[in-house]
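Inspection log for the structure reproduced underneath, given as structure tokens.
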Amino acid sequence: MGVTGRSRGGGRGAPLCRWGVGSCDPDHMADSEWYYCLKHHRAEQGKRCWFADRMGPYPDQATAERALEIVQARNKREDARDHAWGEDD
């Protein structure tokens, strides 16, 4: 199925996200968890987009909106740990 196909069962014609998996329709809520969608650059509730395009889950919308900041801080912390570990050699 293409990116603009109809969702299965619903027949509403909601646009499908990448690979025809999930719906980009804001009314489609797969679950109550929040994700940051790398394709749409926004927090979204439920697993609406392709798994490779989303980060999470996060407990709420505010945390999902900070996903890129959270990842940047984690990477910085782990890079420092890697550097310190490498100095022990």
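General remarks:
- Simple spin-label estimate for residue 42 and residue 68 in nanometres, 7 Å along Cα-Cβ: 1.5
- Electrostatic tally near residue 35: other residues with Cβ closer than 12 Å to its Cβ, Lys and Arg +1, Asp and Glu -1, net -1.
- Couplings for segment 58-75, taken from phi via the Karplus curve 6.51 cos²θ - 1.76 cosθ + 1.60 with θ = phi - 60°, read 10, x, 7, 5, 4, 5, 4, 5, 9, 3, 5, 5, 4, 5, 4, 5, 4, 4 Hz in order; Gly and Pro are left as x.
- Residues whose amide H lies under 5 Å from that of residue 34, counting only those 5 or more places away or on a different chain, are 46, 58, 60; hydrogens are built 1.01 Å from N in the peptide plane.
- Inverting the pair-averaged 1/r between distinct Cα atoms of segment 48-89 gives 12.2 Å as its Kirkwood hydrodynamic radius.
- Modelled FRET efficiency - R0 35 Å, residue 60 with residue 80, Cβ distances, 0.05 increments: 0.80
Every read-out reported here was derived from the displayed coordinates using simple, explicitly stated rules and does not represent laboratory data. Computed from a predicted model, the values in this text were never measured in an experiment. Every residue, glycine as well, gets a Cβ built from its backbone with ideal geometry; the counts of neighbours run over all protein chains shown.
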